[in-house]
Amino acid sequence: MKVIIIGGSAGGASCAARLRRLDEKAEIIMVERGPYVSYANCGLPYHVGDVIPKEASLFVADANTFRSYFAVDVRTGCEATKISPDKKTVALRNVETGEVTTESYDKLVLSPGAPSVRPPLPGIDLPGIFEVRTVPDTRAIREWIEKGSPFLTGMHKYSGFQTLRPKTHAVVIGGGFIGLETAENLVHRGFDVTLVEMADQVLAPLDLEMARVVEGYVERHGIHLALNDGVAGFEKGANDTLTVLTKSGKSYPANIVILALGVRPDTTLAKAAGLEVGERGGIRVDEHMRTTHPDIFAVGDAVEVKDFVTGEWSLVALAGPANRQGRIAADVITGRESRFRGTQGTSIIGLFGAAAAWVGASEKTLKRIGDKDYEKVYLYPNSHAGYYPGAKPIAMKILFRKSNGKLLGAQALGEDNVDKRISALAVALQMGATVYDLEESELCYAPQFGSAKDPVNFAGMVAADVLRGDMPIGHWDGTEKAFLLDVREPVELAVESAPGAVNIPLGQLRARLGELPRDREILVICRSGQRAYSATRLLLQKGFKARNLAGGMLSRAHAESFWTT
Ligand SMILES: Cc1cc2nc3c(=O)[nH]c(=O)nc-3n(C[C@H](O)[C@H](O)[C@H](O)COP(=O)(O)OP(=O)(O)OC[C@H]3O[C@@H](n4cnc5c(N)ncnc54)[C@H](O)[C@@H]3O)c2cc1C
């Protein structure tokens, strides 16, 4: 069997390696337009920031490794230009010489990825404007930073005369994860960074109130955010400087500009070959990663896959799914019954020592599809036992089915061990777990790692309390008619108060029940919802109509009070 793989990075390389492990006899050709195979896209922003100083560290495996370990005929600098499904051939162009050859296949795997969106804006090709997509991109960025201006090279450090470094400006366009990661790394390189984003929030998969926490955090770490504004064009100034013009009429000076406007599936070859492209613009595949032609498979950023929670077709540009899909395609080509389960969009971004992570559906997605059978809770558990040094709060939002408790999605932000909570929730979600399962999950615990009630358990307990009716909850957008009872200590109110709320600290509540109305719903507030839970239980058992305001003051003003640094 002869298999040609187009694209030598995440999806393509994992497919090639798996194919060889399953079939020693197969002839495998992997063609890659660029100079490298199997390189770490995900590390590129950190190479820009010099966190990963050596370019060589980005090469997970090189062409020679694929040749010697896996007997794969790797052809770099080789572009597939045409597929002829009826003849089962691919036209291959040598990028250097332009020479075109034709290669036949029994099975073909497409993993061409998703190039960056590059709108035809005035001035977009000016020097100093870069993307962060490939190793050559980061090399060019580093050269521009290091050679572009004597100030940028750190001359101020060596000169006896010049002690003040002039401000060097960077503008990043796009507030997705590549834009934010690159912005952070440019701050590390000493730039004054402005991030321009057309939407009203960064990190589109997050719900707005969670994104606000991230925005407050990155602003405190030196990134200026210009939300609700699109880029209109670029102008050249003196000495290699640029001006970024926005649709609202603002202009930002820049010594360097990074475009991070998102990606679009590369369907050029697939379309020309008559393969079906789906409604979201990705190559349509079945759960075996087979395209509409039985001998052609497609994987990675270029394909549309089913969203695990909503069942909708979706595009997901993530390394995990690309690697798994490459492996599945290899399995199926060699006669195994592997299936892709759909994507949960499990993601994480690290920013200035903190992390934002999410999995499954967001509330805005559920609203968009008209799904009303959901509830949400907010919680703020410590990352590990509070008495052990270094514990940090994690802000969590959990979405679950009202009717059966099934976990639908989770978002978490914090400075310590956010990843393991969302990873645990991601596994639970894929296994179809309910919030009752989260309550019962048995997780690692010693005080430096977690709590006897881990945040994952805690999320399940809070949500299950809601579903069992033990803790009816309300949200900040429904406080208008309710009687607001604040059970915090008076000293806390001096820092932040809830307008219109009556204060009876939890410790005094039993003695002061007579001050509360029996004919109105009481919404109970505390800082995070935990004391309000005890108060709500007390009031319910005393015959009051009470609800806990989910997440308390923290869910109202995350950004102000949550972060410790
Ligand atoms: C800066 C950056 C940071 C990222 N960080 C993360 C992260 O932290 N976590 C995460 O999960 N994901 C991250 N990603 C996304 C992740 O890298 C991708 O989802 C993954 O690489 C997709 O794999 P792929 O094989 O589909 O495409 P790619 O890795 O893009 O590979 C496609 C390859 O195909 C080649 N190619 C295309 N057309 C042809 C052709 N006609 N002929 C020959 N070769 C061709 C391209 O040159 C390219 O090398 C990041 C991406 C970038 C750019």
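The values are calculated or read from the model by the stated rules, or taken from the named source; none is laboratory data. None of the values given here were measured: they were computed from a predicted structure. Quick reminder, even Gly has a Cβ in these numbers, built from the backbone with ideal geometry, and neighbours come from all protein chains shown. Keep in mind that these areas ignore ligands, DNA and RNA; they rest on the heavy atoms of the full protein, side chains included. Shrake-Rupley method; radii C 1.70, N 1.55, O 1.52, S 1.80 Å.
Judged by the ratio a/c of the largest to the smallest principal axis of the C-alpha gyration tensor, region 320-383 counts as oblate, that ratio being 1.5 or greater while a/b is no larger than b/c. Rounded to the nearest 10 degrees, the angle from helix 208-220 to the longest Cα principal axis of the chain is 80 degrees.
Only aspartates and glutamates eight or more places from Lys406 in sequence, or on another chain, were considered; those with a Cα closer than 12 Å are Asp373, Glu375, Asp437.
Straight-line cross-link partners of Lys107 among the lysines, defined as a Cα under 27 Å from its Cα and at least 8 positions apart when in the same chain: Lys2, Lys25, Lys82, Lys87, Lys88, Lys271, Lys306.
By DSSP, the beta bridges lying fully in the chain are antiparallel in about 55 percent of cases.
Restricting the trypsin sites (Lys or Arg not before Pro) of region 455-497 to loop positions (DSSP other than H, G, I, E, B) with no more than 14 neighbouring Cβ atoms within 10 Å leaves Arg468, Lys481. Counted by Cβ distance under 12 Å from Gln530, the other residues give a net charge of +4, where Lys and Arg count +1 and Asp and Glu count -1. Residues Ile504, Ile178 ordered from highest to lowest accessible area at a 1.4 Å probe: Ile178, Ile504.
Ordering 425-431, 184-190, 245-251 by mean Cβ neighbour count within 10 Å, with the highest value first, yields 184-190, 425-431, 245-251. Of the residues Thr267, Ala428, Thr102, the one whose Cα sits farthest toward the positive end of the charge dipole of the chain, with +1 on the Cβ of Lys and Arg and -1 on the Cβ of Asp and Glu, is Ala428. Taking Lys372, Lys236, Lys397 and ordering them by how much accessible surface each has at a 1.4 Å probe, largest first, produces Lys372, Lys236, Lys397. Taking a Cβ cut-off of under 14 Å around Leu227, the surrounding Lys, Arg, Asp and Glu residues balance to a net charge of -2, with basic ones at +1 and acidic ones at -1. Straight-line reach from Lys147: taking Cα to Cα under 16 Å and skipping same-chain neighbours fewer than 8 places apart, the aspartates and glutamates in range are Asp50, Asp137, Asp240. Helices in the chain, meaning DSSP H runs of at least 4 residues, each add -39500 (n - 2.57). Divided by all residues, the mean residue ellipticity at 222 nm is -7500 deg cm²/dmol. Pairwise Cα distances in region 366-429 exceed 18 Å for 43 percent of all pairs. Taking a ≥ b ≥ c as the square roots of the Cα gyration tensor eigenvalues, the chain comes out oblate, since a/c reaches at least 1.5 and a/b does not exceed b/c. Put a dot 7 Å past the Cα of Glu27, heading toward its Cβ, do the same for Ala199, and the two dots end up 4.7 nm apart. A straight chain from Ser534 to Asp73 at 0.36 nm per residue would run longer than the Cα-Cα distance by 159.4 nm. Sites count as exposed loop sites when they are chymotrypsin sites (Phe, Trp or Tyr not before Pro), lie in a DSSP loop, and have at most 10 other Cβ atoms within 10 angstrom; the longest stretch of the chain without one is 162-386.
For the chain, a crude dipole built from +1 on the beta carbon of Lys and Arg and -1 on the beta carbon of Asp and Glu, taken about the Cα centre, is about 660 debye to the nearest 20. For region 457-565, the dipole from Cβ point charges (+1 on Lys and Arg, -1 on Asp and Glu) about the Cα centre works out to 420 debye, to the nearest 20. For the peptides 168-176, 26-34, the ranking by packing is 168-176, 26-34, with the highest mean count of neighbouring Cβ atoms within 10 Å listed first. Taken about its Cα centre, region 174-320 carries a charge dipole of roughly 360 debye when the Cβ of each Lys and Arg holds +1 and the Cβ of each Asp and Glu holds -1.
Taking only Cα atoms, what is the 0 to 90° angle, nearest 10, from helix 177-188's long axis to the longest principal axis of the chain? Value to nearest ten degrees: 90.
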